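To keep things clear, I will list the structure first and then write my remarks on it.
The values are calculated or read from the model by the stated rules, or taken from the named source; none is laboratory data. The structure presented is a predicted model; accordingly, all values stated were derived computationally and were not measured. Note: ideal-geometry Cβ built from the backbone for every residue, glycine included; neighbour counts use all protein chains shown.
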Amino acid sequence: MLDNQPMFTHAQLVAHGLSDSDIRARLASGALTRIRRGVYCPAIHLDPVDEHIRLVRATVPGVSPSNVLSHQSAGCLLGLPVPRRQLGVVSMTRRSGGHGSSRRQLRVHNTPLPDDEVTTVDDLQVTTLSRTTFDLSRTLEYPHAVAVCDGALREGLERQDLLGVIDRHKGRHGRARARMAAEFADPRAESPAESLSRVQLALHGLPAPDLQFPVINADGIQVARTDFAWPELRLVGEVDGKWKYGELLRPGRTAETAIMEEKRREADIRDAGYWIVRWNWSLALNGEELARRVWRAIRQQRRLLGI
């Protein structure tokens, strides 16, 4: 991931001939970035997940080798969707004796961690996909817990394996929430925005939608695949700004090209006889407003179809 990016301790920079004033000047100019206290690297732009992984790599050498990366830190390394607000702190679980502890950029948990719930990713010890999903889903709010479970199933985790870890750790705080999220999870949800939207729709009593619905036109050709659908109502739902792994702006595509392609796609969906209801991240996080928008579209389609 970031194996080729050099990192330097303060002592190494001094050994290379930089004085404290040189280091401060390079930090001020933006040529150098402080990752954590006493650890620096050349300044490059990274997305939040890679920034966290860089912080992990700067942190690991200074802690006990028996500690295992867990929670959001393991989640980033395993490809799970982790809320950005958690990415400023490295999380680890202690396997030796002692208590949990917290510092500004490091939190060490003291919870039981069996050998079979530890694996290795890029030479780093991390909790397994099932254990990481359990730890995140029991400590995050329910909508984000579902997003993590959706992501884990999408990564290939079997639901029964996740439920097995939940059953194994009786008495852990948040275990009931983790079980609810695991049972509601669906690997077809392709982004956190879709996962959060699905939770809000369910919590506000809307009919359960189909996921990843193929839209077929009158010639029998699939013209689109939509995030949500209520086929009997000829209604589809789409979440804008979906974080679909760079899908919306692939290399070689300009923003204008992406917008025009999306407009053509929307026209094809309408020509196939479907009405589209759209929302964005802010509505995915606002259940009442999202419910009002989708209910309005449902009532409109029911009137139109005489249902």
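Odds and ends about this structure:
- Which numbered condition R95 fails, given (1) without any contact (Cβ under 8 Å) to a residue 40 or more places away in the chain; (2) part of a helix (DSSP H, G or I): (2)
- Residue in region 192-213 that is β-branched (V, I, T), modelled with pLDDT of 90 or more and touching a Lys or Arg at 6+ places or on another chain (Cβ under 8 Å) present: no
- Listed by first and then second residue, the pairs with beta-carbon distance under 6 Å, at least 6 apart or on different chains, first residue in region 288-299 and of a type in the set (D, E), second in a helix (DSSP H, G or I), are E289/L283.
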